[in-house]
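Worksheet: one structure, shown below.
No lab work stands behind these numbers, since they all come straight from the coordinates. On a predicted model such as this, the values are computed, not experimentally measured, just so you know. Every residue, glycine among them, receives a Cβ derived from its backbone with ideal geometry; neighbour counts consider all protein chains shown.
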Amino acid sequence: MNPPLQRDRVREILAQARKQRVLVVGDVMLDQFIWGSVSRISPEAPVPVLEFQSENYMPGGGANVARNLTAWDVHTSAYSVIGRDDAGDQLEEQLRNWGVLCSGLIRSASRATGLKTRIVAQRQQIVRVDREQKELLDESLTAKLITKIEQALKPDVAAVVLCDYGKGVVTQALLDRLAELCRDRGIWLSMDPKPVRALRLHGLSLMTPNRKEAFALAQMTETPGPKDPLKDEALLKVVRHLMKRCKPAMMLVTLGEHGMLLCSRKGRPFHIPTIAQEVYDVSGAGDTAIAAFTVAIAGGASPIEAATIANHASGVVVGKVGTAITSTNELLATFPEA
């Protein structure tokens with residue numbers, strides 16, 4: 001049984017991480033939230049009428065991973081391809097406001113910046129409207145993006161987070177080259193893979209699928225399991241399959257209200273129970289998990305310490321509405337004093 005992680009140790013890990021740089025590579029998008037209240041049904045159709053109150057924009061996808069990192073004062077740069085459009089302008093402005101370096105963003109007239117519009121009434125999401133492009137990047141844009149990343153991988157870069165949301169930026173060529181670059185330089189490479197496209201996953205330090213994604217990546221039918229993931233034979237079979245096929249150093253399976261399962265090439269899986277008290281919105285919880293684990297590793301944490309910090313950070317954000325983050329003080333407050 002591992003002793004509880006203490007607040008001073010988490011503070012020390014975050015302080016060390018701030019001396020490093022992290023690159024966020026992959027699909028970035030813009031999240032729009034329209035807030036209002038509902039008190040009646042439309043006479044035109046059986047749908048609620050939203051009385052508009054306000055709207056706001058947030059970085060989404062990989063851009064939300066970057067926002068999570070800068071919330072902990074970690075030097076972060078974003079690398080992606082976005083459109084020459086209003087959504088791209090708004091996204092870049094949002095990232096700069098959050099302290100994310102944007103010199104790695106390539107603007108292309110052939111791409112549209114992804115925009116997800118969420119309509120929320122009384123803290124409940126009613127509907128989401130997605131405006132996005134999913135075609136794979138062409139060879140020319142992929143080559144330009146790889147060149148920018150190669151130039152950015154200086155000695156002070158401790159980790160790269162590869163963000164695949166199935167929107168076309170993460171191609172096999174990008175993954176192959178990034179895995180090679182990180183291996184040669186001893187840089188940690190995290191990825192939250194989406195089973196939308198059949199990428200050959202390899203060279204990863206960390207994979208962070210949720211339970212459903214893990215089954216899909218293993219091409220196995222998901223079946224309900226017990227609350228204790230260490231007794232979930234179907235999940236454990238999937239984990240063994242993915243660890244053997246993809247050979248990541250670590251895999252962190254996020255399990256919602258059942259916490260997380262940390263798996264490595266050696267030793268038994270380790271279960272971290274959730275700390276979430278109330279769940280209002282899971283939007284962006286996976287982004288927070290991969291960001292927090294990667295930050296902790298960059299700060300010298302052990303894998304179990306990193307998974308515990310990721311679990312605490314995710315537990316904070318699911319208690320908020322919208323694509324949320326957790327501040328340093330909020331995160332530290334979830335750990336006991338020595």
Check your understanding: When the chain is treated as a GNM, springs tying every alpha-carbon pair under 10 Å, which of 213, 135, 92 comes out with the largest mean-square fluctuation?
Key -> 135
Review point. Between residue 304 and residue 337, what FRET efficiency comes out of the Förster formula 1/(1 + (r/R0)^6) with R0 = 22 Å and r the beta carbon distance, rounded to 0.05?
Key: 0.65
Practice item. Report, in debye and to the nearest 20, how large the dipole of segment 162-212 comes out about its Cα centre when Lys and Arg carry +1 and Asp and Glu carry -1 on their Cβ. Key: 220 debye
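Which net charge results for the neighbourhood of residue 153, defined as the other residues with beta-carbon distances under 14 angstrom from its beta-carbon, given Lys and Arg at +1 and Asp and Glu at -1?
Numbers: positive: 21, 148, 154, 177, 183, 185; negative: 150, 156, 180, 184.
With Lys, Arg at +1 and Asp, Glu at -1, the neighbours total +2.
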Study note, to complete from the structure: Listed residues 132, 257, 44; largest mean-square fluctuation, Gaussian network over the chain with Cα springs below 10 Å, found at 44
**Study point:** Greater than 32 Å apart at Cα, pairs in 134/212; 116/266; 116/244
**Key:** 116/266; 116/244
Exercise for review: Of the options 239, 190, 336, report the single residue whose Cα projects farthest towards the positive end of the charge dipole of the chain (beta-carbon charges: Lys, Arg +1; Asp, Glu -1).
Suggested key: 239
Practice item. Mind checking which lysines have their Cα closer than 17 Å to the Cα of residue 154? Skip sequence neighbours fewer than 8 apart in that chain. Key: 19
Check your understanding: Which of 164, 89 comes first, and how do the rest follow, when ranked by fewest Cβ neighbours within 10 Å?
Key -> 89, 164
Exercise for review: Scan around residue 189 for amide H atoms under 5 Å from its own, H built in the peptide plane at 1.01 Å from N, and keep only partners 5 or more places away or cross-chain.
Suggested key: 160, 205, 206
Review point. GNM, the chain, Cα, under 10 Å: largest mean-square fluctuation among 194, 237, 167?
Key: 237
**Study point:** Hydrodynamic radius (Kirkwood) for the chain, which is based on Cα pairs only, to one decimal in Å
**Key:** 20.4 Å
Exercise for review: Using just the helices of the chain, give the 222 nm mean residue ellipticity in deg cm²/dmol: DSSP H runs with n ≥ 4 each add -39,500 (n - 2.57), and the total is spread over all residues, rounded to 500.
Suggested key: -10500 deg cm²/dmol
Study note, to complete from the structure: One would report the antiparallel percent of DSSP beta bridges in the chain, rounded to the nearest 5, as 45 percent
Study note, to complete from the structure: Checked against the positive end of the charge dipole of the chain (+1 on Cβ of Lys and Arg, -1 on Cβ of Asp and Glu, about the Cα centre), the farthest of 311, 113, 220 is 220
Point to revise | Where only C-alpha atoms are counted, convex hull volume of segment 1-150 per residue in Å³ | key: 198 Å³
Point to revise | Debye, to nearest 20: dipole size of segment 1-84, +1 on Lys, Arg Cβ, -1 on Asp, Glu Cβ | key: 500 debye
Check your understanding: Taking the Cα centre of segment 175-266 as origin and charging only Cβ (+1 Lys, Arg; -1 Asp, Glu), how large is the dipole, in debye to the nearest 20?
Key -> 320 debye
Check your understanding: Relative contact order (percent) for the chain, with alpha-carbon contacts under 8 angstrom and 6 or more residues of separation?
Key -> 19 percent
Study note, to complete from the structure: For segment 204-300, shape from the Cα gyration tensor axes a ≥ b ≥ c, cut at a/c of 1.5 then a/b versus b/c, turns out oblate
**Study point:** Long-range tail of P(r) for segment 69-109 (Cα pairs > 13 Å, %)
**Key:** 51 percent
Exercise for review: Please give the length that would be gained between residue 234 and residue 140 if that part of the chain were fully extended, namely 0.36 nm times their separation in residues minus their C-alpha to C-alpha distance (nm, one decimal).
Suggested key: 29.6 nm
Practice item. With r as the distance between the Cβ atoms of residue 123 and residue 73 and R0 = 41 Å, compute the FRET efficiency 1/(1 + (r/R0)^6) and round to 0.05. Key: 0.90
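Can you compute the FRET efficiency between residue 90 and residue 11 using 1/(1 + (r/R0)^6), with r the Cβ-Cβ distance and R0 = 25 Å? Round to the nearest 0.05. Could the numbers behind the result be given before it?
Numbers: r = 34 Å, r/R0 = 1.38.
Efficiency, rounded to the nearest 0.05: 0.15.
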**Study point:** From phi via Karplus (6.51, -1.76, 1.60), per-residue ³J(HN,Hα) for segment 140-147 in Hz, x at Gly/Pro
**Key:** 5, 5, 4, 5, 5, 5, 4, 4
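Give, in whole angstrom and from largest to smallest, the semi-axes √(5λ) of the equivalent ellipsoid of segment 163-233, with λ running over the eigenvalues of the Cα gyration tensor.
Equivalent-ellipsoid dimensions as semi-axes: 26, 15, 9 Å.
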Point to revise | Cα lying deepest toward the dipole's positive end in segment 66-144, options 69, 124, 97, charges on Cβ | key: 124
